[in-house]
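Working notes for the structure below.
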Amino acid sequence: VQTVPVSFPGAEYQITIDPGLLSRVGQELRKLSPSKSVAVLTDSHVAPLHLATLEESLKAAGFAPAIALIPAGEQHKSLSMLLPVYDQFLIAKIERTTPVLALGGGVIGDMAGFVAATILRGVPFVQIPTSLLAMVDASIGGKTGVDHTTGKNLIGAFHQPIAVFIDPLTLTSLPPEQLQSGLAECIKHDLIRDAAHFQQLPELIDRVRALEPDALVSLIAHNVAIKARVVQADPFERGERAHLNFGHTFGHAIETVSSFSYSHGQSVALGMTAAAYTSQKLGLIDESARAQIVRTIEHTGLPIHGLELDPARILETMKFDKKVKAGQIRLILLQGIGNPILRDDVPVDLIVEAIASLR
Ligand SMILES: NC(=O)c1ccc[n+]([C@@H]2O[C@H](COP(=O)([O-])OP(=O)(O)OC[C@H]3O[C@@H](n4cnc5c(N)ncnc54)[C@H](O)[C@@H]3O)[C@@H](O)[C@H]2O)c1
Ligand SMILES: [Zn+2]
C-alpha cells in the first residue's frame with residue numbers, strides 16, 4: 001500500500017494506491033463518512049467491468065448506493081448530460097453528507113466532481129480513477145467541470161475530494177492506447193521535476209505495459225506525488241503549476257487542428273518533442289538530452305513525427321490558447337531534464353520550425 005498525503009487550503013486528504021483496493025472502498029470510505037447513502041457516477045465502458053465490485057463493497061459497508069451512468073467519451077462531457085444525473089441523485093434523496101463517487105477516467109472524474117461541487121451547494125467527493133491519466137493527473141488538483149460547444153472545460157469549479165482511491169489492477173482492462181495517453185503525462189512529470197527518475201523510466205514503462213502490479217504501484221505513486229507537489233505549491237494556478245503545461249501549448253493546438261484525430265496523449269507526445277527541439281535550438285539543452293527525450297517518448301509507442309498538419313495553422317491556434325498573454329506565446333521549455341523554464345520570447349520562426357520538425 002502506498003499513500004500520498006495532500007494538503008490544500010481548506011482540504012486535507014490521502015491518495016491511497018493499493019492493488020485490489022476497489023473491493024475495499026466501502027470499508028475505507030466508512031472510516032471517513034457516517035452516511036447511509038452514497039451516489040456513484042460512472043460510464044458505459046467502466047460500469048460492466050468494475051461497477052459490481054464497487055457496489056458490493058459499498059453495500060457490505062452499509063452504504064445504499066444510487067448509481068448514475070453516462071455514455072463513455074469526451075463528446076458526452078457536457079452540462080446537458082448532467083441534468084438527468086442531478087435528477088437521479090435528487091430523487092434518490094441525496095443529502096449534504098452523501099458522498100459522490102467518481103468511478104472512471106478523467107471525464108467521469110471531472111463530471112462527478114462538478115456534480116459534487118454544485119448539488120445541494122456542495123457535498124463530499126471521492127475519486128476512484130480507473131484510467132492511468134485519471135490516476136496520475138486528472139484526479140489530483142481539484143479542477144472539475146464539463147466542456148462547452150465553444151471549448152473544453154469552460155464550465156466548472158474547484159472542488160477537492162475527501163479521498164482518492166486508486167486500484168492499479170483496474171488498469172488491466174484499459175485499452176493500450178489509453179495507457180499510452182497516461183504515460184505521456186508520466187514522461188512530462190519527470191521532464192519537469194525528476195531527472196534521476198527519468199533515467200529509469202523506459203525500463204519502468206516496459207514493466208507497466210506488461211501490467212506488473214509492483215511497477216504500476218511504483219509509477220502511479222511517483223507521479224501522484226509529483227502532481228500533488230506542484231498543485232499544492234500553487235493551488236490557484238498563479239505560478240509553477242504552469243510547468244504542467246510542458247508539451248501542452250503545442251499539444252492542444254495539434255489536437256484542435258487535427259480535429260482530435262490525434263488523441264491528447266499523442267498530441268502531448270508531439271508537443272513535448274517540439275518543446276525539446278525548441279529548447280535545444282535556444283541552447284538550453286544539448287543535443288544528447290534532446291535525443292534522449294525523444295527516444296523515451298518513442299519507446300513508449302507514442303508519436304514523435306509523421307505530423308502532416310500545416311505549421312502555420314498550428315501556430316495560429318497556439319496564439320488562441322487560453323494561457324497566451326498579450327499575444328505572446330508562452331512556452332514551457334527545458335533548461336535541462338527536470339528543470340523547466342517559462343519563456344514568452346521565443347521567435348515565431350523557431351516555433352514554426354519546431355512544428356515543421358514533426359513531419
Ligand atoms: N481535472 C483535471 O485537472 C484534469 C487533468 C487532465 C485531464 N482532465 C480531463 O480528463 C479527461 C481525459 O481523461 P481520460 O483519458 O481518463 O478519458 P476518459 O475518461 O474518456 O477515459 C478514456 C476511455 O477509457 C475508458 N476507461 C476508463 N477506465 C477504464 C478501465 N479501467 N477499463 C476500460 N476502459 C476504461 C473510458 O470509458 C473511456 O472510453 C479529459 O476530459 C480532460 O479534460 C482533467
Ligand atoms: Zn495533459
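The values are calculated or read from the model by the stated rules, or taken from the named source; none is laboratory data. Keep in mind the model is a prediction, meaning the values are calculated, not measured. Cβ coordinates were reconstructed from backbone atoms using ideal geometry, including for glycine residues, and neighbour counts include every protein chain displayed.
Points to keep in mind about this one:
- Taking the criterion of being surrounded by 11 or more Cβ atoms within 10 Å (Cβ to Cβ) and away from ligand 1 (no atom under 16 Å from the Cβ), the residues of the stretch 67-94 that qualify are Pro84, Tyr86, Asp87, Gln88, Phe89, Leu90, Ala92, Ile94.
- Taken across the stretch 16-32, residues that are within 28 Å of Leu154 (Cα to Cα), part of a helix (DSSP H, G or I) and touching a Phe, Trp or Tyr at 6+ places or on another chain (Cβ under 9 Å) do not occur at all.
- Cβ-Cβ under 8 Å pairs, at least 6 apart or on other chains, the stretch 217-240 side at negative phi and without any contact (Cβ under 8 Å) to a residue 12 or more places away in the chain, far side aliphatic (A, V, I, L, M) and part of a helix (DSSP H, G or I): Gly239/Ala233; Glu240/Val230; Glu240/Ala233
- Scanning the stretch 340-354 for residues that are over 15 Å from Gly247 (Cβ atoms) and touching a residue at least 40 places away in the same chain (Cβ under 8 Å) yields Leu350, Val352, Glu353.
The rows are residues; the columns are (1) free of Cβ contacts under 8 Å to residues at least 24 places away in the same chain; (2) crowded, with 24+ Cβ neighbours inside 10 Å; (3) closer than 18 Å to Glu74 by Cα.
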site	(1), (2), (3)
Gly109	no, yes, yes
Phe114	no, yes, yes
Val126	no, yes, no
Val136	no, yes, no
Asn153	no, no, yes
Gly156	no, no, yes
Thr172	no, no, no
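- Close contacts from the stretch 87-99, counting a first residue that is at positive phi and a second that is surrounded by 11 or more Cβ atoms within 10 Å (Cβ to Cβ), with Cβ to Cβ under 9 Å and a gap of 6+ residues or different chains, come to Lys93/Ser37; Lys93/Ala66.
- Some residue of the stretch 282-290 being more than 12 Å from ligand 2 (Cβ to nearest atom), touching an Asp or Glu at 6+ places or on another chain (Cβ under 9 Å) and either of a type in the set (D, E, K, R) or touching a residue at least 60 places away in the same chain (Cβ under 8 Å) (or both): no
- Test: residue in the stretch 111-123 that is closer than 21 Å to Ile94 by Cβ, near ligand 1 (Cβ under 10 Å from one of its atoms), of a type in the set (A, V, I, L, M) and at pLDDT 95 or above: yes
- Residue count for the stretch 174-206 satisfying the condition of being aliphatic (A, V, I, L, M), closer than 20 Å to Glu74 by Cβ and away from ligand 2 (no atom under 16 Å from the Cβ): 1.
- From the options Ser259, Ser218, residue that is closer than 30 Å to Ala312 by Cβ, away from ligand 1 (no atom under 16 Å from the Cβ) and more than 14 Å from the chain's Cα centre (by Cα): Ser259
- When the test is whether a residue is in contact with a Gly (Cβ under 9 Å, 6 or more places away or on another chain) and modelled with pLDDT of 95 or more, His264 passes it.
- Condition check for Val40: surrounded by 15 or more Cβ atoms within 10 Å (Cβ to Cβ), over 30 Å from Gly151 (Cα atoms), of a type in the set (A, V, I, L, M) and touching a strand residue (DSSP E or B) at 6+ places or on another chain (Cβ under 7 Å): no
- Filtered by the rule that a residue be away from ligand 1 (no atom under 14 Å from the Cβ) and not in a strand (DSSP E or B), the stretch 33-46 gives Ser33, Pro34, Ser35, Lys36.
- Of all residues making up the stretch 302-339, the number that are assigned to a strand (DSSP E or B) and in contact (Cβ under 8 Å) with a residue 24 or more places away in the chain: 4
- The lone exception for Tyr13 - which of (1) crowded, with 19+ Cβ neighbours inside 10 Å; (2) modelled with pLDDT under 95; (3) hydroxyl-bearing (Ser, Thr, Tyr) it fails: (2)
- Within the set Ala228, Ala269, Ala275, the sole residue that is out of contact with any Cys (no Cβ under 8 Å at 6 or more places or on another chain) and over 22 Å from Leu179 (Cβ atoms) turns out to be Ala275.
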